[in-house]
Amino acid sequence: MNLNYSDEQNMLRDQVLKFCETNYDFTDREKILDSDVGYSPENWKQFAELGWLAVPFSEDNGGFNFGPIELTVMFEEFGKSLVVEPYLSSVVMSGTILENSNYAAKQELLESIIAGEQHVSVAYAEANIGYNFLDCVTTLDGQGNELTLNGSKTIVLNATNSSQFIVLAKHADSLALVLINKDTSGLEIQNFKTLDGQTCGELTFENLSLTADAVIASGEEAIALFNQMIEVATLCISAEAVGAMTASYQKTVQYTKEREQFSQPISNFQVLQHRMVDMFIETEITKSLLIKATLQLDSNDSEATKTISALKVQVGKAGKFIGQQAVQLHGGMGVSNEMSIGHYLKRFTVIDSMFGNTQHHINKYSTL
Amino acid sequence: MDISFSEQDLQFQEEIRSGLINDFPAHVREKQQKGESLSKSDMIDFHKFLYEKNWAGYNWPVEFGGTGWSPVQIYLFLNELAAAQCPTILPFGLSMVGPVIYTFGNQEQKDRFLPDILQFNTWWCQGYSEPGSGSDLASLKTKAVLDGDHYIVNGAKTWTTLAQNADWIFCLVRTETTQKKQEGISFLLIDMNTPGIEVKPIITIDGDHEVNTVFFTDVKVPADQLIGEEGKGWTYAKFLLAHERFGIAGVPVCKVQVAKLKEKTAAYKDADLNKKIAELEIDLMALEFTELRTLAAIAKGGHPGAESSILKIRGTEIQQRISELFVEAAGQYILPYEGPEGFESNKNPAGPDYASTSVAHYLNFRKTSIYGGSNEIQKNIIAKAILGV
């Protein structure tokens, strides 16, 4: 057993930390969110130049052969500054599916993602299936080069900026993952801002024609690729949550030291001290499950699925508690949109809602 | 990073496991399996068994007769003990006074006391809290006045666990009234058979006699039973608290308890209860890995200090939640109650077999968030040491 990060992993953490310190204070972030695209293309270019977009990919596909450990290191730092660049949707979600698939055109696609030339989003959620993404209604009919896609997908992350989509669809008694271009006729996209200032979209497919080379995977392979992607993505947003928790309790401690009431810093009051200790403890406890899940996923441990559900439960509960208490201890300032602290609460709320919320994962954990 | 245990560690685990299967005293095992309480002689037999296996000094360095095990080995050892339904190792000799003696005692004291602690020839108890000094421990008033080659001790210690069985007590006593109250405290070892000592039982809300008040009236204690220097007792006490971090969370026992809870309630198919058990399991998994992180930090040469307060707080909260769930599962059948020993044989009332013992355990375990520095005190420690407020 070895729970120490390697020098290389620590260097990566320092690099992301430095980037965020330099480029990502709260006003920088506000400007990014105000832009039409909802992220900074300049930052994305830097991510590519720093090699960050290549992190999880194998050397064959132009990557660094890194894995879950490095991803969580990065996401923890992203979470501290509430980074909005679409790393999750393009690199983690689309990337994981492509990397592990036998798709003929995957190398070219991954190269363009790694170079920062294009965004690709995964379309998996639908209106009436909750978190049971595999029960989708969107259907791919036909065979060979005469395929037709009908249905709709919702909450497609970063849809505004993506030039291609990987769509999960029902196909011949099973499922398939297909790649479609945003310009394909029969595709309609409606874009939304998200609660935390990012973007997502709804995709509608009406008799959208596809040929065989659009099929990334089908049957058991498609299901396995999809489930694996959801696990890695869940792990990444959990790491992001841990970073956001760390920042939330630290900012709260700092604020209570500066804020004076009754002629003294409010950090002198024991009731606030103990609340902040609870926030600290929840952060550390979440970090423990994060590390456990990361290492299990990294070593292909069969228990990883169960631990990831446990982690998501803890992330949901702790994020809610820490987010709410951070706002509470900031007093009126906590509910002001001009302060960063409330934006952490928004992010915790979004993270809990993604890939199965607390209740969903308690139930899933019970069945595993 | 790597989550798996080394071959060497797994082999170690196997040795402990087979040692327990072959040599763990059968009469103790049987009582443990039935959930019956252990007698004084059962406890002595168990600890002597540990000594015979060379396991007694599981957290001691080799030079004092300990095992010199790594933190991971200690973790595995304690897990195996719990899985085999061993009683909890009494901490007072092996984890508390022993390390203080081998760290701060003189050679004569080491020779005199350490072998008996390892062999469990002496049963130790802890004289810290007083009727007027709980969380504010440094306000303690039990006085020791040097008179020639003896100290004369007067005062009272309370919440003294199993003092009724003890041969010796280690005490924090006031040898000087100083401006800073911590500075006048000394660490004294006292033979429980010394004239002037009276042990008075305190019956806890579960009906058990586990704790006591120990009164000292003109008790003559040889001066060579003072550990280290006069006035340095507070330093030694703090050292002791930091040393007692292994197993502070009680994870191995919790794991066994949760497994038992699941086994006993599986037939109920109670969705609400099962959901609570799932949440408990998740919290326990997180706590266990937090403990492993702490062990990893120690193995790297770090001193977790205030972080071990997390283990105390979370561990005791989870222990209490488990005890609550047993009570919840037992429902109305907790009402018939004749004390922690359970019912006379053949006179069992209706209801599940765990009903009576679980409510006793529930009441008894309210103590866990109070003892060893109450959870509120632990939060004060974290606030000061880690958050800097």
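Within the range B:137-167, being part of a strand (DSSP E or B) and surrounded by fewer than 19 Cβ atoms within 10 Å (Cβ to Cβ) holds for B:K143, B:V145, B:L146, B:D147, B:H150, B:I152, B:N154. For the range A:266-299, how many residues are among the aromatic types (F, W, Y) and more than 7 Å from every other protein chain (Cβ to nearest Cβ)? Of the residues in that region, 1 qualify. Consider the range B:363-378 and keep the residues that are in contact (Cβ under 8 Å) with a residue 60 or more places away in the chain and either outside the structural domain of B:A249 (by TED's automatic domain parsing) or of a type outside the set (S, T, N, Q) (or both). The one that is nearest to B:E210 (Cα to Cα) is B:K367. Quick one: in the range A:4-49, of everything that is part of a loop (DSSP other than H, G, I, E, B) and more than 20 Å from the chain's Cα centre (by Cα), which residue is surrounded by the fewest Cβ atoms within 10 Å (Cβ to Cβ)? Selected residue: A:D36.
Among helices (runs of 4 or more DSSP H) entirely within the range B:277-389, having at least 1 residues that are under 30 Å from A:F269 (Cβ atoms), of a type outside the set (K, R) and more than 14 Å from chain A (Cβ to nearest Cβ) singles out B:307-330.
In the range A:300-325, which residue that is touching a residue at least 60 places away in the same chain (Cβ under 8 Å) and more than 15 Å from A:T234 (Cα to Cα) is nearest to the other protein chains (Cβ to nearest Cβ)?
So the residue we want is A:A318.
Of all residues in the range A:350-368, those that are closer than 24 Å to A:V156 by Cα have Cβ atoms under 6 Å from Cβ atoms of residues that are at pLDDT below 95 and surrounded by fewer than 17 Cβ atoms within 10 Å (Cβ to Cβ), 6 or more apart or on another chain, in A:V350/A:L195. Residues in the range B:1-48 that are within 14 Å of chain A (Cβ to nearest Cβ) and either at pLDDT below 95 or surrounded by 16 or more Cβ atoms within 10 Å (Cβ to Cβ) (or both): B:M1, B:D2, B:I3, B:S4, B:F5, B:S6, B:D9, B:F12, B:Q13.
Of all residue pairs spaced 6 or more apart or on separate chains, those with beta-carbon atoms under 8 Å, a first member in the range A:1-23 that is within 14 Å of chain B (Cβ to nearest Cβ) and a second member that is charged (D, E, K, R) and surrounded by 13 or more Cβ atoms within 10 Å (Cβ to Cβ) are A:M1/B:D9; A:L3/B:R293; A:Y5/A:R13; A:Q9/A:E70; A:L12/A:E70; A:R13/A:E76; A:R13/A:E77.
Inclusion of A:Q190 among residues that are over 17 Å from A:P86 (Cβ atoms), of a type in the set (S, T, N, Q) and touching an Asp or Glu at 6+ places or on another chain (Cβ under 9 Å) is warranted. Scanning the range B:301-360 for residues being crowded, with 17+ Cβ neighbours inside 10 Å, of a type in the set (D, E) and free of Cβ contacts under 8 Å to residues at least 40 places away in the same chain gives a total of 0. Residue under question is A:T211, and the condition is that it be of a type outside the set (A, V, I, L, M, F, W, C), farther than 19 Å from A:H119 by Cα and away from chain B (no Cβ under 14 Å); does it hold? Answer is yes for this residue. Of the residues that make up the range A:330-337, is at least one touching a helix residue (DSSP H, G or I) at 6+ places or on another chain (Cβ under 7 Å) and within 13 Å of chain B (Cβ to nearest Cβ)? Within the range A:330-337 (the criterion being touching a helix residue (DSSP H, G or I) at 6+ places or on another chain (Cβ under 7 Å) and within 13 Å of chain B (Cβ to nearest Cβ)), the answer is no, since none of the residues qualifies. Taken as a whole, the range B:104-111 holds at least one residue that is closer than 27 Å to B:Y236 by Cβ, in contact with a Leu (Cβ under 9 Å, 6 or more places away or on another chain), more than 14 Å from every other protein chain (Cβ to nearest Cβ) and touching a residue at least 40 places away in the same chain (Cβ under 8 Å).
Which members of the range A:306-332 meet the condition of being of a type in the set (S, T, N, Q) and closer than 15 Å to B:E281 by Cα? Passing the criteria: A:T307, A:S309, A:Q314.
Taken together, A:L210, A:L179, A:L195, A:L225 contain a single residue that is in contact with a Lys or Arg (Cβ under 9 Å, 6 or more places away or on another chain) and hydrophobic (A, V, I, L, M, F, W, C), which is A:L195. Residues that are closer than 22 Å to B:A355 by Cβ, part of a helix (DSSP H, G or I) and within 10 Å of chain A (Cβ to nearest Cβ) do occur in the range B:259-274, at least one of them. Scanning the range A:106-159 for residues that are farther than 13 Å from A:L203 by Cα, surrounded by fewer than 19 Cβ atoms within 10 Å (Cβ to Cβ) and in contact with an Asp or Glu (Cβ under 7 Å, 6 or more places away or on another chain) returns A:I129, A:V137, A:T148.
The values are calculated or read from the model by the stated rules, or taken from the named source; none is laboratory data. Quick caveat: nothing in here was measured; it's all calculated off a predicted structure. Reconstructed Cβ throughout: ideal geometry from the backbone, glycine too, with neighbour counts over all protein chains shown.
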